[in-house]
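The structure under discussion appears below in the form of structure tokens.
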Amino acid sequence: MALRKIFRKSDFAAAGLALAVFFAAVVPLANATAPVVVSQRDRHFNPDTLTIPAGTVVHIVNDDRVTHHVYVDSPTMKFDSGEQPVGTTVDLEFDHTGTYHVLCAIHPTMHLLVTVQ
């Protein structure tokens, strides 16, 4: 005797809901941009120029022997890390296209130019 399963409409609705939840969780991860790492060493950003897609997170790591203070002041982005001790990381997320100047409030020769496409 063959075993037959009778599917109800609710079975299909539950399966559809499960797929929708799965894709809602997975698709943003597939489209996410990997973080970019910038080092602060010898009172310079390295690299000192970036071109990145919108939505990218930039990790700025203080690999120097001195404290830094990262800031951005533009019409579409305001950021101020406050004092950034040696060995710490500051994360900046660039959501809008444009050109951004990332600076150090302590060391005026430090410039990071970020172009967001």
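If I filter region 58-85 down to residues being of a type in the set (Val, Ile, Thr) and under 24 Å from Ala34 (Cα atoms), which single residue comes out as surrounded by the fewest Cβ atoms within 10 Å (Cβ to Cβ)?
Going through the qualifying residues, I end up with Thr76.
Can you report the number of residues in region 90-113 which are surrounded by fewer than 12 Cβ atoms within 10 Å (Cβ to Cβ) and under 16 Å from His44 (Cα atoms)?
Adding up the residues that qualify gives 2.
Go through region 30-83 and give me each residue that's assigned to a strand (DSSP E or B), under 14 Å from Ile106 (Cα atoms), free of Cβ contacts under 8 Å to residues at least 40 places away in the same chain and of a type in the set (S, T, N, Q).
Listed by number, the list holds a single entry, Asn62.
No lab work stands behind these numbers, since they all come straight from the coordinates. In this text the structure is predicted, and so the values were computed from the model without any measurement. Note that we place each Cβ from the backbone using ideal geometry, even for glycine, and neighbour counts take in every protein chain shown.
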